[in-house]
Amino acid sequence: MADLPPARQLLADIGQSLGFFTRLPVTALPADRRSFGESVWAAPLAGLAVALVAWLVHVAAGWAGLYTGMTAALALAATMLVTGCLHEDGLADVADGFGGGHDRQKKLDIMRDSRIGTYGVCALAITILLRWLALTALVTPGNLLIALVAAHMASRALLPAFMHLTPNARDEGLSAGAGEISMPAMQAALVLGVLALLPFGFGGTLLVALALALWFFALRTLAMQQVGGRTGDVLGTLQQGAEIVVLLCACILFG
């Protein structure tokens, strides 16, 4: 494939990330596509699209006269529809595998099983409840927009770094098929994630960044202990946990 002009390559990478991380109607020519490891820097921009959809749904529902709990539920449902529950599916699989498997191979087998178990149901119930409660607390449209953009961009900004720093648990599968994550892709994603946190102010940005770092390394340690590395499901869990971390920090920062 011939090298594309820089501007068109950036747009192609963004389109590829939108096509992978969301169900938004994005078209990209095959010739525009690079490897996932090269284009994954744009994952935070896919998160930005998800955040804007959720915010618009929340605001529109509020204008229609629905109370805060309903608007928050609709906004949360919008994020799930836009992403196809990609990350929620990974979270449920990890909860079932890590909680129900007795050895590494059994955990990986459970995570690959499309059925959902008790651990997965409980994990989804708790995380959905936490996100809904956070959205109901962020009643000001401006604060809600800041929190949603930060949560969805920063949570996806961690994905390339996690993939770069954590070995694959399997030789095949979604995560292994992504290939090597380049250092520029990892750095660009992290920069976008930090930019999304800046509206929290200097102190708020440091607080959220520290909380995200703790979650990042805690999950990495757990994944290494449980299955010896990363899978696509682990990456989904990383995103879900990071999204919750940012939303909860936003509730603290905005009082």
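The values are calculated or read from the model by the stated rules, or taken from the named source; none is laboratory data. What you see is a predicted model, and the numbers here were worked out from it, not measured in a lab. Neighbour counts are summed over all protein chains in view; Cβ atoms, including those assigned to glycine, are modelled from backbone coordinates with ideal geometry. These accessible areas exclude ligands, DNA and RNA; they are computed on the full protein's heavy atoms, side chains included. Shrake-Rupley method; radii C 1.70, N 1.55, O 1.52, S 1.80 Å.
What the table shows:
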| read-out | value |
| --- | --- |
| Odd one out for ARG131, checked against (1) over 29 Å from PHE254 (Cβ atoms); (2) open to solvent by less than 20 Å² (accessible area, probe 1.4 Å) | (1) |
| Region 4-25 residues that are under 12 Å from LEU45 (Cα atoms), paired with ones that are open to solvent by 90 Å² or more (accessible area, probe 1.4 Å) (beta carbon under 7 Å, 6 or more apart) | GLN16/ARG33 |
| In region 15-29, residue surrounded by the fewest Cβ atoms within 10 Å (Cβ to Cβ) [restricted to those that are at pLDDT 90 or above and hydrophobic (A, V, I, L, M, F, W, C)] | LEU24 |
| Selection within region 147-167 - surrounded by fewer than 18 Cβ atoms within 10 Å (Cβ to Cβ) and not aliphatic (A, V, I, L, M) | HIS164, PRO167 |
| Residue under evaluation ASN143, criteria (1) under 26 Å from LEU24 (Cα atoms); (2) open to solvent by 40 Å² or more (accessible area, probe 1.4 Å); (3) touching a Gly at 6+ places or on another chain (Cβ under 9 Å), criterion not met | (3) |
| Residue ID - farthest from HIS58 (Cα to Cα), chosen from residues in region 99-128 that are open to solvent by less than 30 Å² (accessible area, probe 1.4 Å) and not in a helix (DSSP H, G or I) | GLY101 |
| Residue count, region 58-75 (criterion: surrounded by fewer than 20 Cβ atoms within 10 Å (Cβ to Cβ) and either part of a helix (DSSP H, G or I) or touching a helix residue (DSSP H, G or I) at 6+ places or on another chain (Cβ under 7 Å) (or both)) | 10 |
| Qualifying position, being over 17 Å from the mean Cα position of the chain (by Cα), β-branched (Val, Ile, Thr) and more than 19 Å from VAL234 (Cα to Cα), among VAL121, VAL139, VAL149 | VAL139 |
| Residue within region 45-53 that is part of a helix (DSSP H, G or I), open to solvent by less than 60 Å² (accessible area, probe 1.4 Å), without any contact (Cβ under 8 Å) to a residue 12 or more places away in the chain and over 30 Å from GLY228 (Cβ atoms) present | no |
